[in-house]
Amino acid sequence: MKIDHSLPLEYSTDQNKLNILGFWIFLGAEIMLFGTLFASYFTLVDRTGTGPTGAEIFEIAPVLIETILLLTSSFIIGLGIHAMRIGNKKAMMIFFGITLLLGAGFLGFEIYEFVHYVHVGAGLQTSAFTAILLTTLGTHGAHVTFGLIWGIFILLQIKKRGLTPETANKSFIFSLYWHFLDVVWIFIFSFVYLKGMM
Amino acid sequence: MDFFSRFAVPHPSPAIYASMVAIGLTVIAVIAGLTYFKKWGYLWREWLTTVDHKRIGIMYLISALIMLFRGGADAIMMRAQLAVPENKLLDAQHYNEIFSTHGVVMIIFMAMPFIMALMNFVVPLQIGARDVAFPRLNALSFWLFFAGAMLLNISFVVGGSPDAGWTSYFPLAGNEFSESVGTNYYMFALQISGLGTLMTGINMITTILKMRAPGMTMMKMPMFTWSSLVANIIIVFAFPVLTVALLMGTMDRLFATNFFTTSNGGMDMLWANLFWVWGHPEVYILILPAFGIYSEIISTFSKRNLYGYKSMVGSMVIISLLSFLVWTHHFFTMGQGALTNSIFSITTMAIAVPTGVKIFNWLFTLWKGKIVITTPMLYSILFLPTFTIGGVTGVMLAMSAADYQYHNTMFLVAHFHMVIIPGVVFAMLAGLTYYWPKMFGFMLNEKIGKIAAWVISISTLVAFMPMFFSGLDGQARRMYTYSESTGFGIWNMISFIGAFGMAIGFALIVYNIYYSTRYASRDIGSDPWDARSLEWATHNPVPEYNFAIIPQVESSEGLWDAKKKGHVLFKGDYEKIHMPNNSGVPFIMGAIFFAWGFSFVFGLWIPGILTTIGIFVCMALRSFEKDHGRYISVKEIEETETKMRGAK
């Protein structure tokens, strides 16, 4: 593999450039996935059957904490990529580690939130609204969970192999994924929770 | 006992028992054959673990042909059942299962792999690349498709086939009305193969955008590559919608959620909308590459460049946009009101415009050309009038008010078969014949090929033209029998004869493959058709690395200009070539995905969880793997090239 040293490490080989473009296209598909979930959510949001409405079950406190945790983690991973660009492996690993911890915190609060919903009688089978609510949030949560495992693998690889064109490429792609999850969450926060509580 | 009764077919019949025996014997024969000829190692090393886009293309092709015969057997049974009034060959439940699986198999597991076969095989060659952007992912795509296909096919003998139509409309497809696990199979088979298709989409777009030979700008790409690019962009935007719809349908069936039920707020129309938001673009995913194939063939055998290159590209882009704006025409009668119907009626009719542009471009290419009638060309010429009949009846269906008459009748069935068979199937058979020498190094027999082309196209007309009449007369689709007084008998008998004729045509193609494998000359050079684009600039069959030297092109017809204007395609000396290593992981992941799907179909939670973990373990192993591929040395390239040239 030819390495072009004039470019950042993550772009430095032909395969790396292909990987990044391919991942952007994948994110296009992910936008369609979440777009479809949102469209279904808005179709079903008032179809509550005998179950509760969003305004009755949403709690602002855990949602705000989740939002702060995820937004911060997205900022921190940006710092991590900056550290990677200037070749500071240790700082990069610390920033990535903090990102993952914040992500785990987000997930913890989301699990609490789900338990709360089931507790107040808004389970998966209650109504079309609760089903699409839990599916939309759950799909995002599953992406975060997947991201946590993925991130741990990347940290292990960087620890073992250092910052190579390959590991840098993986880390950069992971950061794109993480930012994307953040963007999806902003939509969930605005159009599911805020709109639902108004 | 309860455990085993879940796997039993709910509506067994002699046909199913006979099929079980046939499947069992075939499996034993294949295993015994492989063992006897000691081919297990060869199979594993050269095929199952391959990441070579050409071999993956050939595996797609074989799968597509097998599925063509599976779907064809369903079709023959349906036509036989309807051939005479009040026939007792099949009962209502079997008829439901057969039309459901016929639709799924033909669209998802025959037409899709057929276009994937040609895309995989041809696109990297046409753009002068060594492979696709992500060879491993490509292998995984194939094995996911294959796992999905096998999952749907075993439904026939384990647990029962899907019986709610290929559209699987809820609430019919819900637990209430569709009690067997058939629809679970549908959900998981489509989900798994859909994942594979999405990955192919990403892979192909990246390949086409980034790996073109020097000098090949976007507007110098051959037309098949353009059509593949557009089709793959549609894939990336359409398939996630199906993913979500299937996820919701699966949850309704397995976890008793209320997405598509008619109680607790569920909305059955949501399924119809989501399904067709994917389903309508899907038909353009199939037809655009087929159009690309026709463009290549018509230009090659008219001995001139394609008329209106830019308008061809433009119309494909317009078709791709419109394809997302027409889905409601699949349910004009389901009550969304006059305004909505009108809008979708107009967008649907609008698609006829760019399609018409393409038809005229082909006619103009033929008009000024020196036409050579070969088998692929014969299919292309037969396609033009036949497809136009299908297209024009499509515009008839697009009139939403008139659709209240046609809806759910045989008229519709006739329309989409008259579009898809000449549009997609003829194109794929033409492409198969055209690229056969590139794939295998010998040509298919022209005489048998032309007879098959005539038999298939005449039979298509015989099979489907009567349905326009019986449909307008009111014969509903999906109806398993009818009384004599309706007068549908004669039309259906003609249809049956046509279907039988098509079966003979396809059997002729199989015979042609057998005959040509035995008797055809292996001494055909690299360019037997006197073609125009880059894929014919390398040897037959293509060496592993495609091109010993990456070609440099100045137009969309690189090879033609090299032949006629003396452009030099290959400049410079051999250099060592970097190639990816083979890998068993994609095949193993495909197998695990199959087991994963099977477990969830039957709600076997423990194997379900274990296989889920297995999938993630495979991904983790892949992530940690250090695999930098290998190099083919200059000496090896020289040896291969000398040997290949000697074969001329």
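Which helices of chain A meet both criteria: a Cα extent of 18 Å or more along the helical axis and a mean Kyte-Doolittle score no lower than 1.0, with helices taken as whole DSSP H segments? Could the numbers behind the result be given before it?
Numbers: long enough: A:14-44 (45 Å, 0.93); A:60-85 (38 Å, 1.61); A:89-119 (45 Å, 1.05); A:128-161 (48 Å, 1.03); A:165-187 (33 Å, 0.58).
Qualifying helices: A:60-85, A:89-119, A:128-161.
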Margin query: Neighbour counts of other C-beta atoms within 10 Å: give me B:Ile389, B:Ile115, B:Ile351 arranged from fewest to most.
Written below: B:Ile389, B:Ile351, B:Ile115
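Kindly provide the helix-only [θ] at 222 nm of the protein assembly as shown, computed as the sum of -39,500 (n - 2.57) over DSSP H runs of four or more divided by all residues, to the nearest 500 deg cm²/dmol? Intermediate values should be presented prior to the final figure.
Numbers: 28 runs with 567 residues, N = 846.
Using -39500 (n - 2.57) per qualifying helix, the result is -23000 deg cm²/dmol.
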Note to self: Testing the spin-label approximation: label points 7 Å from Cα along Cα→Cβ at A:Val120 and B:Phe616. State their distance in nm.
What the structure shows: 3.0 nm
Notebook entry, point to check: Starting at 0 and stepping by 5 Å, how many percent of the alpha carbon pairs of segment B:411-550 end up in each bin?
Noted result: 2, 9, 15, 16, 13, 11, 9, 8, 6, 5, 3, 2, 0, 0, 0
Note to self: Based on alpha-carbon centroids, what's the gap between segment B:1-66 and segment B:357-394 in Å, whole number please?
What the structure shows: 38 Å
Checklist line | Virtual paramagnetic centre 7 Å along Cα→Cβ of B:Asn305, amide N under 18 Å, in segment B:561-591 | finding: B:561-569
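Which of the pairs B:Lys39/B:Lys571; A:Lys170/B:Lys210; A:Lys2/B:Lys220 have their Cα atoms more than 31 Å apart in this structure?
Working: B:Lys39/B:Lys571 40 Å; A:Lys170/B:Lys210 19 Å; A:Lys2/B:Lys220 28 Å.
Correct reply: B:Lys39/B:Lys571.
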Note to self: With only alpha-carbon pairs counted, each pair once and no self-pairs, how large is the Kirkwood hydrodynamic radius of segment B:238-384 in angstroms?
What the structure shows: 17.7 Å
Margin query: Would the protein assembly as shown count as rounded, prolate or oblate if I go by the C-alpha gyration tensor, calling it rounded below 1.5 in a/c and otherwise prolate when a/b exceeds b/c, oblate otherwise?
Written below: oblate
Next item on the list: Measure nothing but the geometry: give the 0 to 90° angle between the long axis through the Cα atoms of B:375-398 and the longest principal axis through the Cα atoms of chain B, rounded to 10°.
Entry: 40 degrees
Item checked: Rg/Rh ratio calculated on Cα atoms of chain B (Kirkwood radius) -> 0.96
Notebook entry, point to check: With r defined as the distance between the Cβ atoms of B:Glu575 and B:Arg645 and R0 fixed at 22 Å, what FRET efficiency is calculated, to the nearest 0.05?
Noted result: 0.70
Notebook entry, point to check: In units of 2.2 N^0.38 Å, what is the alpha-carbon radius of gyration of segment B:168-224?
Noted result: 1.94
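Averaged over every viewing direction, what's the projected area of the C-alpha convex hull for segment B:1-159? Give it in nm², one decimal, please. List each step's numbers first, then the result.
On the way: hull surface 48.7 nm².
Average of the hull's projected areas for segment B:1-159 equals 12.2 nm².
Per Stokes-Einstein, at 20 °C and 1.002 mPa s, what whole-number D in µm² s⁻¹ belongs to chain A, with the Kirkwood radius over Cα pairs as the hydrodynamic radius?
Details: Rh = 18.1 Å.
Translational D for this selection: 119 µm²/s.
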Next item on the list: Working from Cα positions, state the angle (0 to 90°, nearest 10) between the long axis of helix B:14-36 and the longest principal axis of chain B.
Entry: 20 degrees
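Within 10 Å of each residue's Cβ, count the other Cβ atoms and sort B:Tyr519, B:Tyr186 from fewest upward. List each step's numbers first, then the result.
Numbers: B:Tyr519 9, B:Tyr186 31.
Result, fewest neighbours first: B:Tyr519, B:Tyr186.
Specify, per residue and in Å³, the volume enclosed by the convex hull of the alpha carbon atoms belonging to segment B:335-451.
On the way: hull volume 15.0 nm³, N = 117.
Each residue corresponds to 128 Å³ of Cα convex hull volume.
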Checklist line | Angle between chain B longest axis and helix B:268-302 axis [Cα atoms, degrees, rounded to 10] | finding: 30 degrees
Next item on the list: Give, as ranges by residue number, the residues of segment B:168-203 whose backbone N falls under 14 Å from the point 7 Å along Cα→Cβ of B:Ala8.
Entry: none
Notebook entry, point to check: Would you list B:Glu86, B:Glu641 from fewest to most Cβ contacts within 10 Å?
Noted result: B:Glu86, B:Glu641
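Which of the trypsin sites (Lys or Arg not before Pro) found in segment B:48-134 are in a DSSP loop and have at most 13 neighbouring Cβ atoms, other than their own, within 10 Å?
Values: sites: B:Lys54, B:Arg55, B:Arg70, B:Arg79, B:Lys88, B:Arg130; in loops: B:Lys88, B:Arg130.
Filter output for segment B:48-134: B:Lys88.
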Next item on the list: Search the structure for amide H atoms under 5 Å from the amide H of B:Arg630, placed 1.01 Å from N in the peptide plane, and list their residues when 5 or more places away or on another chain.
Entry: B:Met579, B:Asn581
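Every number here is computed from the coordinates shown, using simple stated rules; none is lab data. Treat the numbers as computed from the prediction; the structure is a model and nothing was measured. Note: ideal-geometry Cβ built from the backbone for every residue, glycine included; neighbour counts use all protein chains shown.
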